[in-house]
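Written out below as structure tokens is the structure these notes cover.
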Amino acid sequence: MNSHLSSEEMYQWLSGEHMDEVEEHFRECEACQTELHQLKNALAGFRSSLEECPVPAVSWRPVRQILPRWILATAALLLLTVAPVYWSARQQRLAEQAQADELLLERVNAGLSRSVPASMEPLMQLVSQKENE
């Protein structure tokens, strides 16, 4: 290997994944050996501190919380007051959208029912005046 080992490769080696190329690199690279020894010492210090002062066991018991009735009553009252306002606003938006859709369809229908495009109407008026003369 040309470069030094990454932290991940060292952690994998410490956890028991001894690959041949990593072993070979440790034999050849003094800097990686030093870093590996530092990691081992740090882990050993952590292990010994846990052995000296173990973490107390925590017992978990399920906590059952019941919401007070006034919270449930407030939520129900809020729902009963907000729902009609929301429903009314929604119905109004739907009615406005339907009206806008109807107006658009009327414009499309008027444009399709023309015999001549709007840009050609002045020419058609001239032609009809000449025919009437």
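The numbers here are math on the coordinates, done by the rules we state, and not lab data. Please read all numbers here as calculations on a predicted model, not as lab measurements. Neighbour counts are summed over all protein chains in view; Cβ atoms, including those assigned to glycine, are modelled from backbone coordinates with ideal geometry.
Key figures for this structure:
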| item | result |
| --- | --- |
| Residue under evaluation residue 39, criteria (1) free of Cβ contacts under 8 Å to residues at least 24 places away in the same chain; (2) among the hydrophobic types (A, V, I, L, M, F, W, C); (3) farther than 30 Å from residue 128 by Cα, criterion not met | (1) |
| Listing of helices (runs of 4 or more DSSP H) fully contained in the range 1-61 that carry 1 or more residues being of a type in the set (Lys, Arg) | 20-28, 30-52 |
| Failed criterion for residue 82 (all others in (1) outside any helix (DSSP H, G or I); (2) over 30 Å from residue 11 (Cα atoms) hold) | (1) |
